[in-house]
1. Of B:T137, B:T65, which residue is at negative phi and either surrounded by fewer than 16 Cβ atoms within 10 Å (Cβ to Cβ) or more than 14 Å from chain A (Cβ to nearest Cβ) (or both)?
2. For the range B:86-107, which residues satisfy the criterion of being hydrophobic (A, V, I, L, M, F, W, C) and in contact with a strand residue (DSSP E or B) (Cβ under 9 Å, 6 or more places away or on another chain)?
3. Select, from B:V41, B:V36, the only residue that is β-branched (V, I, T), over 23 Å from A:A71 (Cα atoms) and at pLDDT below 85.
4. Got a sec? Which of B:L44, B:L40 is closer than 19 Å to A:T14 by Cβ and surrounded by 16 or more Cβ atoms within 10 Å (Cβ to Cβ)?
5. Considering only residues that are over 26 Å from the mean Cα position of the chain (by Cα) and loosely packed, with under 12 Cβ neighbours inside 10 Å, which ones fall in the range B:110-128?
6. What number of residues within the range B:54-73 are modelled with pLDDT of 90 or more and assigned to a loop (DSSP other than H, G, I, E, B)?
7. Give, as residue ranges, the strands (runs of 3 or more DSSP E) completely inside the range B:127-192 that count at least 1 residues that are more than 21 Å from B:D97 (Cβ to Cβ).
8. So if I check each of B:D211, B:D204, which one is of a type in the set (D, E), more than 30 Å from B:A33 (Cα to Cα) and more than 26 Å from the chain's Cα centre (by Cα)?
Amino acid sequence: MRHFYIGLAALVLTAALCLLGSESLHGRAEQLCDNVCLAKSEWEAGRTQAAKEVICRTESDWQAQARLFSALWNHEAVLQISLAFRELANSKGQDFPALCDRLMLELTRRAELERPYWHNIL
Amino acid sequence: MVITLIRTVVLYGVLIFAVRLMGKRQVGEMEPAEFVVTMLVANLAAAPMQENTLPLVTGLVPICTVLGLELILAVLSLKSIPVRRLLCGSPLLLIRDGKVDQRALKMSRVSMDELLQKLREKDVFDLKAIRHAVLETDGELSVLRRAEYGPPSARAMGVQVQQAELCYAVISDGKVQKKELARAGFDELWLQRELKALGLSQKDVFLFAADPRGGSLVIKKEG
């Protein structure tokens, strides 16, 4: 029975860590999305400087957490998001809202991919 | 490349641990489920070893999951006959009382040619010599020969023979194996006396195998 409990413990621990990791990253990605959404709202309200500041702060948050994301997400995907932040921070023209949308979509999509929904499993 | 090296070491350690936990069977003796698990675990480790953009957890999580499932199912199949039948199947009698069971051959999808081949691999070239043949769940064929076609046993000839004993490697590569020595029923004093009688020291011995009756086999180190 010892092996049964070892097997059960391995399964339960793995499942718990996976769920914890997935929920944690989902929460962090949501937070980043909210900040990007805020930046987009500021830009659309004409407060471009405030929008840029929000984006810079959000990019710093992302950089601080990028290693954690890399531990669980594909490294290429993490790199793409880093590049998207950089592009957004350097954006000067009218493409700012579109870039915000693209970044939010990418973050949300990556975070949703890790959740145990039936369409992800299939 | 350093990352690949470190990942390989980590995954190798995990694989060794997983295979060790799964038990002591060689590839040829595994049940179908065990064979699938072994191949699966090896393939799961290969992807993050070769592809650095994949997180290490993409290898570790499936390996731990498969290992956990394998351990649970192994214990369940040990405790429950229906589960064992479901996972491993049942042995099938292909030859019964010297007669080939054609229905059993069809059920197990074994052709007559394959059956004869398996018999030849068991050094059986004459079907008349077989009383029963069982196809085991791991695909091996077990054969019971007819008494008149097998070698006579000591009991059949009424000959009294001494029982064979297990041999224990009490010295291996110059080092005393204390547990083996205890299992053989001796102590280090006995061992030193034996070595002195042979004119050898412990370091000169490559192998010293002893049985509980005091019989021994000694191989000296070369070079």
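The values are calculated or read from the model by the stated rules, or taken from the named source; none is laboratory data. This structure is a prediction, so every number in the text was calculated from the model and none was measured. Cβ atoms come from the backbone with ideal geometry, glycine included; neighbour counts cover every protein chain shown.
1. Numbers: B:T65 fails: either surrounded by fewer than 16 Cβ atoms within 10 Å (Cβ to Cβ) or more than 14 Å from chain A (Cβ to nearest Cβ) (or both).
Only one candidate passes the filter, namely B:T137.
2. Taking the range B:86-107 as the starting set, the residues that turn out to be hydrophobic (A, V, I, L, M, F, W, C) are B:86-88, B:92-95, B:100, B:104-105, B:107.
Hits for the range B:86-107 are B:L92, B:L93, B:L94, B:I95, B:V100, B:A104, B:L105, B:M107.
3. Details: B:V41 fails: over 23 Å from A:A71 (Cα atoms).
From the options B:V41, B:V36, the qualifying one is B:V36.
4. Details: B:L40 fails: surrounded by 16 or more Cβ atoms within 10 Å (Cβ to Cβ).
Checking each option against the conditions leaves just B:L44.
5. Going residue by residue through the range B:110-128, those that are over 26 Å from the mean Cα position of the chain (by Cα) are B:111-113, B:125-128.
Passing the criteria: B:S111, B:M112, B:D113, B:F125, B:D126, B:K128.
6. 0
7. Values: elements: B:130-135, B:141-145, B:168-172.
So the answer is B:168-172.
8. Working: B:D211 fails: more than 26 Å from the chain's Cα centre (by Cα).
Unique residue meeting the criteria: B:D204.
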